[in-house]
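Worksheet: one structure, shown below.
Every read-out reported here was derived from the displayed coordinates using simple, explicitly stated rules and does not represent laboratory data. From a predicted model like this one, the values you see are computed outputs, not experimental measurements. Every residue, glycine as well, gets a Cβ built from its backbone with ideal geometry; the counts of neighbours run over all protein chains shown.
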Amino acid sequence: MSFSIIVAFAENYAIGKGNDLLCHLPGDLKRFKKITSGNTVIMGRKTFLSLPNGALPNRRNIVITRSKNLNFKNIEIVNSTQEAINICDKNKENFIIGGGEIYKQFLPFVDKIYLTKIHTEFEADTFFPELNYREWDVELEAENTENNPKFSYLILTKKNNLKNLL
């Protein structure tokens, strides 16, 4: 079973404000769709409620919430990180897609991070947990220096991961 994070964050680890993305980047949503399609996506309630069309198509949607009143089509509701882990697909990549608290809870279980690094700072109310980059191998996938804000697509793979050694 593998867990990956997919996230866009700014230089100050900002990921959102007012339950919305900080900015809409050209191609970033297409990249998100391409990477996550056919797999499981795991998110918190606020992230789910921020999706304009509800459950993401062509993906298994798992929502972690303490709310007992959440009842939507095409989602599975769990009450904890452990419960989400227990029902994930053991033969596919499972993607953590937000928000800040869910990223923090899953970070110890993650092997890979698909990162859109936005090369500026934003005022925000939701942040990604600070990363120790020495624990990750960083690969530059692509860089956009033409548009504002400038951003890079990076793939971070956890170093010394036992699964990678077997």
With a 10 Å Cβ neighbour count serving as the proxy for reagent exposure, in which order, fewest first, do Asp137, Asp20 appear?
Asp20, Asp137
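Run through the DSSP bridge list for the chain and note the antiparallel percent, rounded to the nearest 5.
Details: 19 of 41 bridges.
In the chain, DSSP labels about 45 percent of beta bridges as antiparallel.
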Can you list the aspartates and glutamates whose alpha carbon is less than 17 Å from that of Lys30, not counting same-chain residues fewer than 8 positions off?
Glu141, Glu143
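Can you give the relative contact order of region 2-165 as a percent, counting alpha carbon pairs under 8 Å and 6+ residues apart? Let's see the in-between values first.
Working: 302 pairs, mean separation 52.2, N = 164.
With pairs under 8 Å counted, the relative contact order is 32 percent.
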Please get the size of the charge dipole for the chain, origin at its Cα centre, with Cβ charges of +1 on Lys and Arg and -1 on Asp and Glu, quoted in debye to the nearest 20.
680 debye
With the calculation restricted to Cα positions, what are the radius of gyration and Dmax of region 102-153 in angstrom?
12.7, 35
